[in-house]
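Some notes on the structure that comes next.
Every number here is computed from the coordinates shown, using simple stated rules; none is lab data. This is a predicted model, so every value here is computed, not measured. FYI the Cβ positions are ideal-geometry reconstructions off the backbone, even for glycines, and counts take in every protein chain you see.
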Amino acid sequence: MNVVVIVPAAGSGVRMQNASKKPYIELQGQTILGHTLCALEQAGSITSIVIVVSPGDEDLCRHQVVSHLDLRPEISIIAGGERRQDSVANALAVLPPACDVVLIHDGARPFVTSKILEETAAAAYSCGAATAAVPLKDTIMQRDDTEPNAPKPLERDKFYAIQTPQAFKPDIIMAAHAHATGKAMQATDDASLVRYMGLPVAITHGSYENIKITTAGDLLYADMLLAKREADNSH
């Protein structure tokens, strides 16, 4: 099974209040994106990676991130679009011919494991589409605008927090993006575009450590996770 990974990495990092764009912020001497690429390399089925960056940042990504890594998969760096959805569509347009599964993983999720990657890719190869997810921990309430002071509690065990990786057979994800374009639909993730077509998406086991680094608080937690992993590996 040949898996091609699309890595959206055009985040601005505005919520970080950091001078650097999010993919290029350093965690213990390596960029966030660099940590993510190293994590992706651990999955043996991944044969190539397409990194999608802000237009004009191709050389920055190559020199500041990729050139410092000795990566096994073939690496391509392309310019993204206005929205994440547009960036993924740009990457789908340049997929290599030898691709059994397209795996899409956020550039700001550096703590993904090879187990999560392989299980999600295998589920997509079998079912057509899959996404990693974790059960919700918190109690969930739904606000009723007609009764704003009486929110309705929901059954927590029926809800999941969706993560990446998300994986698809190439024809399915391409059709989903074409369908979304035709219907002027927008979504914050690619699995939702597949569901909009009426197709099922399998759920695979994610991890509570598979965080997306978005805020300054996430950055602190990520630094703690890295320190913990280094300590565990040293024993």
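Some observations on this one:
- Take every pair of alpha-carbon atoms less than 8 Å apart whose residues are at least six positions apart; their mean separation over the length of the range 3-230 yields a relative contact order of 23 percent.
- Of the residues L199, L95, A121, the one whose Cα sits farthest towards the positive end of the charge dipole of the range 3-230 is L199 (charges of +1 on Lys and Arg Cβ, -1 on Asp and Glu Cβ, taken about the Cα centre).
- Take the Cβ atoms of Y196 and A231, set R0 to 41 Å, and the FRET efficiency comes out at 0.40.
- For the chain, the longest site-free run once chymotrypsin sites (Phe, Trp or Tyr not before Pro) in DSSP loop states with at most 14 other Cβ atoms within 10 Å are removed: 1-158
- Highest-MSF residue in the chain out of M197, M141, M185 [GNM, Cα springs under 10 Å]: M141
- For the chain, excluding the exposed loop sites themselves (GluC sites (Glu not before Pro), DSSP loop, at most 13 other Cβ atoms within 10 Å), the longest remaining stretch covers 1-81.
- Counting DSSP beta bridges with both ends in the chain, the antiparallel % (nearest 5): 40
- Among K152, K212, K183, residue whose mean-square fluctuation peaks in a GNM of the chain (springs only between Cα atoms under 10 Å): K152
- Overall form of the range 130-220 per C-alpha gyration tensor (a/c, 1.5; a/b vs b/c): oblate
- Taking the range 85-235 as the region of interest, the number of lysine pairs whose Cα atoms are within less than 20 Å, with members eight or more places apart or on different chains, is 7.
- The chain: most fluctuating residue of P110, P170, P200 per GNM, C-alpha cutoff 10 Å: P200
- What you get for the range 36-141, charging only the Cβ of Lys and Arg (+1) and of Asp and Glu (-1), is a dipole of about 220 debye around the Cα centre.
- Isotropic mean projected area of the C-alpha convex hull, the range 168-226 (nm²): 5.6
- For peptides 97-109, 127-139, sequence by mean Cβ density within 10 Å, most packed first: 97-109, 127-139
- Prolate/oblate/rounded call for the chain, Cα gyration tensor, a/c under 1.5 rounded: rounded
- The range 3-230 - charge dipole about Cα centre, Lys and Arg +1 at Cβ, Asp and Glu -1, debye rounded to 20: 260
- Student exercise, the range 1-83 dipole from Lys, Arg, Asp, Glu Cβ charges, in Debye to nearest 20: 260
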